[in-house]
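One structure below.
The values are calculated or read from the model by the stated rules, or taken from the named source; none is laboratory data. This is a predicted model, so every value here is computed, not measured. Heads up, the Cβs are rebuilt from the backbone with ideal geometry, glycines too, and the neighbour counts pull from every protein chain shown. For accessibility, only protein heavy atoms count, side chains too; no ligands or nucleic acids. Shrake-Rupley method; radii C 1.70, N 1.55, O 1.52, S 1.80 Å.
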Amino acid sequence: MTTLSPLRRLRENGRERIEILDQTILPYRKHWLRLDSADDALFAISNMQVRGAPLIGIVAAYGLALGLGAGASNKAMDAAAARLSAARPTAVNLSWALRRMCERLSPLPIAERATAAWAEADAIAEEDIRQNRKIGEHGLALLRSLAETGRNRTLQLMTHCNAGWLATAGYGTALAPVYVGREENLEAHVWVSETRPRNQGLLTAWELLEAGAPHTLIADNAAGLLLLEGRIDAIIVGADRIAANGDVANKIGTSLKAIAARHCGTKFYVAAPGGTFDFTARTGKDIPLEIRNDDEMRYVCGQDKNGNYGKLQHAFDATAIYNPAFDITPAEFITAIITERGVCAPNAAALAELFPEKNTHV
């Protein structure tokens, strides 16, 4: 598979910039949006023009690099990092990437920081691609074992939200085993839940369509039926933050699938790189869950038969709305966590052994 990415670097008139695929109008229209400042990056993250935990962190790193072009003093750097870090509260990759940037840049002379910031942001993005490829390889080994013990047919997988290359610098997390599997001739079909209210499953369907990978889009509530009928071999999802005990924060609706999978005896895997683990959160109860704007549920966006993109009101103004963006899946409902370092049991001891450098707070 050619490594695809939802962001790219460019240089204009001697100044560095980045462009992102605007995911608020995908899959209806493919539009590259230029980010010229830290505020542009902040807006893109807050308004989900970029989304997916790894990608949010990467764009924040580039956002800090953009900000330092206007001033690289300690005060300016700390202020830009603080504003970017507050853009989305649940995805820990955001604060992780900014902390890494500041630790790299703080010891440097002010005059060297802007150039070094671009180099460090590049390093974070390149590392993400390598890690995701490794996640794909480790995940593929699990899928092969399922295929070998299965019914000699195409492997039936289910995913939730979008954890493909659109959510990372390349390959994705939950979809990485699918993409690497296609390179290795593993036959797999992906059942894609739509993931209301943001309908991010449409991004997964678009990715898989572009890759020529077999898939079927389903309403979120169809997942239980497929699981009860024994039509799913495994569920693979990404993560926005993983606590020290293995509890996982991911897109709202993930926990329902995990509970149903446990009842039906279906394997439930979480795929995530090291930057998604937060050992300062001892359990899922320590993870902040973002509550988003009511209008995400009040309106639906789409494209009409003439190709015009827009939104329509879906719920009455007087209707009370509760719109959490994420939920917590307890570790007990997770079969294993797939990382760039290998496959791990979802418990504190196993995670601490796999990521000993993160274990200072446990």
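Selection of the stretch 76-108 for residues being in a helix (DSSP H, G or I) and charged (D, E, K, R) yields Asp78, Arg83, Arg99, Arg100, Glu103, Arg104.
Within the stretch 144-161, is there a residue that is at pLDDT 95 or above, open to solvent by 10 Å² or more (accessible area, probe 1.4 Å) and touching a Phe, Trp or Tyr at 6+ places or on another chain (Cβ under 6 Å)? Scanning the stretch 144-161, I find no residue that is at pLDDT 95 or above, open to solvent by 10 Å² or more (accessible area, probe 1.4 Å) and touching a Phe, Trp or Tyr at 6+ places or on another chain (Cβ under 6 Å), so the answer is no. Filter the stretch 290-308 down to the residues that are among the polar types (S, T, N, Q) and part of a strand (DSSP E or B) and list them by number. Hit for the stretch 290-308 is Gln303, nothing else.
Here is a yes/no grid of residues against (1) open to solvent by 40 Å² or more (accessible area, probe 1.4 Å); (2) out of contact with any helix residue (DSSP H, G or I) (no Cβ under 6 Å at 6 or more places or on another chain); (3) within 21 Å of Ala174 (Cβ to Cβ):
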{"residue": "Asn47", "(1), (2), (3)": "yes, yes, no"}
{"residue": "Ala86", "(1), (2), (3)": "yes, yes, no"}
{"residue": "Leu94", "(1), (2), (3)": "no, no, yes"}
{"residue": "Ala114", "(1), (2), (3)": "no, no, no"}
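Applying the criterion of being of a type in the set (Val, Ile, Thr) and either in a loop (DSSP other than H, G, I, E, B) or modelled with pLDDT under 95 (or both) to the residues of the stretch 1-37, the residue that is nearest to Met77 (Cα to Cα) is Thr24.
Yes/no per residue for (1) in contact (Cβ under 8 Å) with a residue 12 or more places away in the chain; (2) of a type in the set (Val, Ile, Thr); (3) crowded, with 16+ Cβ neighbours inside 10 Å:
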residue	(1), (2), (3)
Pro6	yes, no, yes
Arg9	yes, no, no
Lys30	no, no, no
Ala41	yes, no, yes
Gly63	yes, no, yes
Ala70	yes, no, no
Asn74	yes, no, no
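Restricted to the stretch 309-353, and to residues there that are of a type in the set (Phe, Trp, Tyr) and part of a strand (DSSP E or B), the residue that is most open to solvent (accessible area, probe 1.4 Å) is Tyr309.
Figure legend. Inter-residue proximity from the stretch 173-195: first residues open to solvent by 10 Å² or more (accessible area, probe 1.4 Å), second residues of a type in the set (S, T, N, Q), beta-carbon distance below 6 Å, spacing 6+ or different chains. Indicated pairs: Glu187/Thr154; His189/Thr154; His189/Gln156; Trp191/Thr216.
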